[in-house]
Amino acid sequence: MEIRTLRYFLAVAREENMSRAAEILHVTQPTLSKQLKSLETELGKKLFTRHSFSIRLTDEGSLLRNRAEDLVSMVDKIEHEFVSFDDITGGDLYLGLAESCQIKYLARTIRELKLHYPNLHYHITSGDTEQIADKLDKGLLDFIVLAESPDNRKYDFLEFPERDRWGLVFPGNDALAKKRSLRVSDLAGLPLFCSEQAWNNEIKEWAGNSFSDLKLEGSFRLSYNGSVFAREGLGYLLTFEHLIDTSETSGLVFRPLSPRLETKLYVAWNRYQVLTPIAERFLNQLKRVFVPQD
């Protein structure tokens, strides 16, 4: 199985049309069809179902697409890494990020690096811990930001300078907006939105014996999407402060939880992975910001 063939396969899967994929790949349609047929023969599975004007993936094709995307991304990253060893003006940086206003520290570090290394290019992936840690383990990312303590058997890490405070986001005309902070009893029975990771960890620990009184209406990996549902009156969003616009014109308010609930954030990297020069420079700059100087 060749990487080139996997690129052909991914192009067809993305375009759902053989002619368009062939045009993008700059190959003839017969050549592309032959390559895909050879791939199906090699795997012993049918990867596509062909319709009048489109091509759709079979279940086996969907599985291959997920695997092929990781493989091709890994190959691309390896190629970029080797090129970057000779590029003294930049390189490629791959980051997997949790949601937090503290991402500002990474953004500032990248901004400063670009002043000295104008050919620095950065690639951002967002997701929960499971998603981005998996990509780090596969070598697809250089650094990840986690909202839980990293596994020190696998990762080295730095703790962010601040902590993120938890609270509830909801329409400003709600009766709860009159309160300065909210306790577990205030949230009992309300339709709540939260990430599954936080619901089963931080929120569960904070609520203690009253956790069973709380109702998870829906889970969101991105707080912005949850805020849209909250604005439409479908529920109340549990999230970090400063992630959602709660200015006077937004129609939403933020009220912190009481007792105060905070989460530490960490930037982590694989302790057994050799960092590229630009990744090393990025890490050294972060250490100057994150680690107190004597």
Which ones in the range 92-109 are aliphatic (A, V, I, L, M), touching a strand residue (DSSP E or B) at 6+ places or on another chain (Cβ under 6 Å) and in contact (Cβ under 8 Å) with a residue 60 or more places away in the chain? 93, 98
Which ones in the range 110-149 are touching a residue at least 60 places away in the same chain (Cβ under 8 Å) and among the β-branched types (Val, Ile, Thr)? 110, 129, 144, 145
Kindly indicate whether residue 195 is in contact (Cβ under 8 Å) with a residue 40 or more places away in the chain and open to solvent by 20 Å² or more (accessible area, probe 1.4 Å). yes
Quick one: is residue 234 among the aliphatic types (A, V, I, L, M) and open to solvent by 50 Å² or more (accessible area, probe 1.4 Å)? yes
Taking the range 204-230 on its own, how many of its residues are surrounded by 17 or more Cβ atoms within 10 Å (Cβ to Cβ) and not aliphatic (A, V, I, L, M)? 6
Any idea how many residues of the range 1-58 are in a strand (DSSP E or B) and either in contact with a Lys or Arg (Cβ under 9 Å, 6 or more places away or on another chain) or under 19 Å from residue 76 (Cβ atoms) (or both)? 5
Since residue 52 meets every condition but one in (1) open to solvent by 70 Å² or more (accessible area, probe 1.4 Å); (2) modelled with pLDDT of 85 or more, which condition does it not meet? (2)
Test residue 170 against the criterion of being in contact with a Gly (Cβ under 7 Å, 6 or more places away or on another chain), part of a strand (DSSP E or B), open to solvent by less than 40 Å² (accessible area, probe 1.4 Å) and farther than 30 Å from residue 287 by Cα, and give yes or no. no
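The values are calculated or read from the model by the stated rules, or taken from the named source; none is laboratory data. Model, not experiment: these values are computed from the prediction. Neighbour counts are summed over all protein chains in view; Cβ atoms, including those assigned to glycine, are modelled from backbone coordinates with ideal geometry. These area figures cover heavy atoms from the full protein model, side chains too; ligands, DNA and RNA do not enter into them. Shrake-Rupley method; radii C 1.70, N 1.55, O 1.52, S 1.80 Å.
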